[in-house]
1. B:Ala290 - would you say it is facing another protein chain (nearest Cβ under 9 Å) and in a loop (DSSP other than H, G, I, E, B)?
2. Could you tell me which residue of the stretch B:357-383 is surrounded by the most Cβ atoms within 10 Å (Cβ to Cβ), considering only residues that are away from chain A (no Cβ under 14 Å) and without any contact (Cβ under 8 Å) to a residue 24 or more places away in the chain?
3. For the stretch A:219-259, how many residues meet the condition of being within 11 Å of chain D (Cβ to nearest Cβ), charged (D, E, K, R) and under 19 Å from A:Pro276 (Cβ atoms)?
4. If C:Glu262 satisfies every condition in (1) over 14 Å from the mean Cα position of the chain (by Cα); (2) surrounded by fewer than 24 Cβ atoms within 10 Å (Cβ to Cβ); (3) within 11 Å of chain B (Cβ to nearest Cβ) but one, which is the exception?
5. Restricting the stretch D:153-183 to residues that are within 14 Å of another protein chain (Cβ to nearest Cβ) and under 18 Å from D:Ala231 (Cα atoms), which is surrounded by the most Cβ atoms within 10 Å (Cβ to Cβ)?
6. Quick one: C:Ile207 ticks every box in (1) within 12 Å of another protein chain (Cβ to nearest Cβ); (2) within 17 Å of the chain's Cα centre (by Cα) bar one, so which box is it?
7. When the stretch A:268-281 is examined, which residues are found to be surrounded by fewer than 24 Cβ atoms within 10 Å (Cβ to Cβ) and within 13 Å of chain D (Cβ to nearest Cβ)?
8. When you check D:Leu219 against the structure, is it in contact (Cβ under 8 Å) with a residue 40 or more places away in the chain, among the aliphatic types (A, V, I, L, M), surrounded by fewer than 22 Cβ atoms within 10 Å (Cβ to Cβ) and not in a loop (DSSP other than H, G, I, E, B), yes or no?
There are 4 protein chains.
Amino acid sequence: MTAIVARPRENRRSEIRVTLESIHQQLQPLAAAIDYHIPSLPELFSMIIVMEQGATPEQIKHMIERVESFGLKAHPITGTERTVIAAIGEKRTEMKEALASGPGVESVMPILAPYKVASREVKKDSTQIRALNLKVGAGSIGIMAGPCSVESKEQILACAHAVKAAGATSLRGGAYKPRTSPYAFQGMKEEGLKLLALAREQTGLAIVTEIMSTEEVPLVASYADVLQIGARNMQNYRLLEAVGKANKPVLLKRGPSATMEEFLLAAEYILNEGNPNVMLCERGIRTFEAHTRFTLPLASVPYLHHKTHLPVVVDPSHGTGHTYLVPDMAVASIAAGADGLILEVHPDPERALSDGYQSLNFKQFDETMSRCRTVATALGKTL
Amino acid sequence: MTAIVARPRENRRSEIRVTLESIHQQLQPLAAAIDYHIPSLPELFSMIIVMEQGATPEQIKHMIERVESFGLKAHPITGTERTVIAAIGEKRTEMKEALASGPGVESVMPILAPYKVASREVKKDSTQIRALNLKVGAGSIGIMAGPCSVESKEQILACAHAVKAAGATSLRGGAYKPRTSPYAFQGMKEEGLKLLALAREQTGLAIVTEIMSTEEVPLVASYADVLQIGARNMQNYRLLEAVGKANKPVLLKRGPSATMEEFLLAAEYILNEGNPNVMLCERGIRTFEAHTRFTLPLASVPYLHHKTHLPVVVDPSHGTGHTYLVPDMAVASIAAGADGLILEVHPDPERALSDGYQSLNFKQFDETMSRCRTVATALGKTL
Amino acid sequence: MTAIVARPRENRRSEIRVTLESIHQQLQPLAAAIDYHIPSLPELFSMIIVMEQGATPEQIKHMIERVESFGLKAHPITGTERTVIAAIGEKRTEMKEALASGPGVESVMPILAPYKVASREVKKDSTQIRALNLKVGAGSIGIMAGPCSVESKEQILACAHAVKAAGATSLRGGAYKPRTSPYAFQGMKEEGLKLLALAREQTGLAIVTEIMSTEEVPLVASYADVLQIGARNMQNYRLLEAVGKANKPVLLKRGPSATMEEFLLAAEYILNEGNPNVMLCERGIRTFEAHTRFTLPLASVPYLHHKTHLPVVVDPSHGTGHTYLVPDMAVASIAAGADGLILEVHPDPERALSDGYQSLNFKQFDETMSRCRTVATALGKTL
Amino acid sequence: MTAIVARPRENRRSEIRVTLESIHQQLQPLAAAIDYHIPSLPELFSMIIVMEQGATPEQIKHMIERVESFGLKAHPITGTERTVIAAIGEKRTEMKEALASGPGVESVMPILAPYKVASREVKKDSTQIRALNLKVGAGSIGIMAGPCSVESKEQILACAHAVKAAGATSLRGGAYKPRTSPYAFQGMKEEGLKLLALAREQTGLAIVTEIMSTEEVPLVASYADVLQIGARNMQNYRLLEAVGKANKPVLLKRGPSATMEEFLLAAEYILNEGNPNVMLCERGIRTFEAHTRFTLPLASVPYLHHKTHLPVVVDPSHGTGHTYLVPDMAVASIAAGADGLILEVHPDPERALSDGYQSLNFKQFDETMSRCRTVATALGKTL
């Protein structure tokens, strides 16, 4: 319900800004009467400093220092055509005018989305995340595939070779497994990480693996190419901050009851620590539906593309929970505009230690890839 | 949670049947201890009489009479290769043997899905629904497009010509409008029906329009080619029975909190009255998500194709509630395997009397159709 | 999200009204930018004419005619201290001033809740519904109890005597049963109604029974004291209109995915036909929870008391779906402020034709009543 | 959907066990056919060793060692009448007989609930948690009240004195705040903990405060009397393990989309580390309802009492999100059987740094306590 001013024309924007400020004030007594909570403007408010196209690195550096001198946090975001600096903080009167007159500054605009660095407002062109041969976003579709858990050397190597042959550019596999029951298999831990590294050595696939606690960050980051934050930890803010400080791309899974705003604000926790490489992963929400493990709301894909420049990945395995539904939903995800897929693949799903009922075998994965490629090509994307 | 035995091998099936009956008995005390409600087998139980490939019409007629003589209801279902007769009712001991020895009978099998006539078990090949040039199912994708409400002669005729030009084969438009508020526009009623008929006269498009009460059935059925049951009336059983007796195809929308089983049983109410032409329409469910009007769970499409032979249509307009999300979700629906789309199109969405915020204008509809056609072609379907 | 100005002081209200009108205008461009649908003010807008305390019947009659002469609908609502007339319709400029100068008029105020006649704004004192000895609302708690379905003379008479002995003042029992499956028991129909009438004759209990279609209204209304609209039919608008024209109190059950606004607008359909005797019944919503049949959100009770003058009844039987949870939730409903309970009671729940797993036997009902009475008494209510 | 055998008679239990094992085997092919995932029995299975009433500490110690010698984990649980030892692990054939013949052993029974130590099966009498004067469970109702965040010395001391005067025995207050946005107030951290300790010094109230990461456990545990795990961290398993090792009672909040089984298994993570003092806190789930911040499903209270011996606390502040709904829901929680309440109270809610819209002021809290006490007394509880 927060006010996000999406892609307005320049003159329309200023008009809206004025309106927002005055309306906010008028809304307070009304909101009190109707039980509606309006976030305070300071909480929402920050600015974008749009640099001119030819702005020099010195000018940019200068403006970053100016922003920081006001006690604001500066996030420079380098686009293909120009740089913008997101300035985030609470104080704002008089600052806008002061900043607008800086060298190389084209304009200074307020933003109202509660997520700021993630917002499409501050960066119009889509972000592409890369890790080895994996490319996700901005026209490239990346496929991450592999078993739910690393179970053995044979299993993970077989998977790695099979998914690579079918066209995947990344290998997923859990070494630290979050399990609902304390009595269930908890993963091979560091031993699993070593096997993943071995698989990378043999295939060149980028490794995606989950990280469950701040303590594990250094170890996992030393093996993995992409750090996965699982759905259960989407609002584990200390963990988000820790991967925000790690120098690796992050795959952030949506919590099963997270709103889009909460999801983007979780990404913002990572971005706010200086890590710009965040992939958002839709993996299904919890609803009354019981014929699927979760409900997979594919409208998240175009919605997120509208609101953020970050790439959007879909997980049809968790999103449906049944092998026989995964291929059609993988294809539908591509058609909805997904920038990547993460899929559970196992040499022998019936014998998997976890999630076998939603894993594809090699043949099923190969066929799914082939259908996805057909649709991606028809829609002008690279897979 | 009901036991649906999907496409098993012949010998595996008999094994399962025996197990089910004995397990049901053993489960009762257990279920009582664990608060789990198990439907009684008589409530679930009925039979399919599978006729031989060369069975004659006389043999089929004879077996129907035999079934009815046991006090069961007989639903003959004619497939491309053979006929099966669904026999539905409560008594069953000794009947199975008696029926199995009938002329032209290949085998008699029990079924356990609570929905019976709708079940893929009783009819393996997909049903295609036709109305004028509209073909939905079995490889054909039908597009129903038009305004939420019929508002004027100019509006509906402009829509009809535009959607036809873009490739639709059916015109949707509401004459009787179910509105949340009694003070909102309730539709043009019979005047609207007459305008729809005029649009059909000029374009040849099949007319899809909603029916809200049993009293309206004769009048609406005299104008419409397809009778739509809205989401709010999915469990209005008297209305389902009434359209089950009408001689027109029915588009049944899923209620926003209906389970798949409730949805298929609502279809069963219609089928059970002798009307075999039912299209199931996924139009979104009510969840905690607020950034879309409803949550559109596209996994319904492959799920329903697995469970039923009836065609599955998707409504991305209500399913998202925002014009800018409709095109991507239309394309994703086709990729998920949808047999049809129903889309809100209006000459001037900003001035629509209802649902303007989720309607496409003519240009948007044309582009959407073009992308859908690309994907349908890539996947070997006809649109 | 509609603006409901709850119980403000007189001078504060006028301040708010002005703000609302001007804000509405300013919000339009903003709302367009942020994908937020704001209902048009005409759609929301109507007026309350507050008559003076000593206004005469002639003055009231005169003002009703004045309202109607403007093409508005007039709903006089007689409170204990004064009468107000709700004037509902689309046109409004200049009318306010014209009406404010009428004889016996104290003031004319705009209202903005989309539901109008149901709103606490138009009638501050709580409505009490009566049918024979049943009193629901305004300090009285009414208990409606009985079987899900009328099954036999013995069953319904045994129930009637037992629930009366335990303190119920109304007998519930279904004669026409909405069933998810067309193959399930559909009720005893008119035979069941006759048995209910017989039970009333013997016990004096008011009869509550469900009505499923417009055609059944005359027949069911000729037997029943309270007409129940089931959850599946909460938005069957023709049925709501039909019971709005019947001269009997209505128990309106909330649909399992209905918002509070939809629920109150469904009540508004009934009130708008001139039937002021509507009880709202919370019976649980559909959520991801599977350990209960539905999720029973008791905060509906104080919420509805805040928004409407209509009494609020709770159904802990459907709301939980398990006998062992019913008593605690019945007591909790009373503590939350419920004006009534509707409970499933059966002489032998294990042999009930429907809903046995959530029915209380006579002893359980008696104990539940006793605990409810203790809490009601402690909170100063009459049960 | 897991099989939980609740309070069966002794002879009935053995009957059920046999059935379960044989049924499990028979269900496998059926389950495969109907897309239903059945947990493996080893995953579910463990045993309870019920010691005789007069069993000596030596006998108990001996049996614990025997259990561990089989590679199982032993959890001795001391009840008022006898001790039982929960033995958890995967292997089980032959062990049962071996253990049954041990000294002081009355019987050995299998359990099937996936949560074991938390199960009412292994400990029939309700657990009471104590911290200073706070007593929660087994007939005592504990009230934890205070501000969302510690904001200043004046604020927290005023709160502490006010809630104590009204009858609370514990002070809640956040020093580390999980906030959806990285730009929102994150709490006073250790400074806040010191102020809480000061408030305890002055009032004797037990301190409840949230812990957000494993690193914070030693520090927070050195100040707090009860460690709170917030809803966002309910499945942060490393954190659950860490508080399981701390020597302080834990208040575990239900995640907004957690099933009851997930909730109890999260408790099991704590119990499994040897900390038996866990309070379960229902604080509302995420549903489609928007008129409340969350939906508060009070049926959780009797349900949890049925399944577990752990006490159940309700949070009506987060559960409703609106001050005006809190009092009625607090009273209803007591009536539903809650063992405690946690309530947000602030000296001046309009000026609170967080959650002001759902906080009670001192007068409202005092009135709420008074109504809760009336109902608790009427139902024979101590508050």
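The values are calculated or read from the model by the stated rules, or taken from the named source; none is laboratory data. Remember, it's a predicted structure, so these values are computed and weren't measured experimentally. Every residue, glycine as well, gets a Cβ built from its backbone with ideal geometry; the counts of neighbours run over all protein chains shown.
1. So B:Ala290 passes the test.
2. B:Asn361
3. Total satisfying the criteria: 1.
4. Looking at each condition in turn, C:Glu262 falls short on (1).
5. D:Gly174
6. C:Ile207 satisfies every listed condition except (1).
7. A:Asn272, A:Glu273, A:Gly274, A:Asn275
8. no
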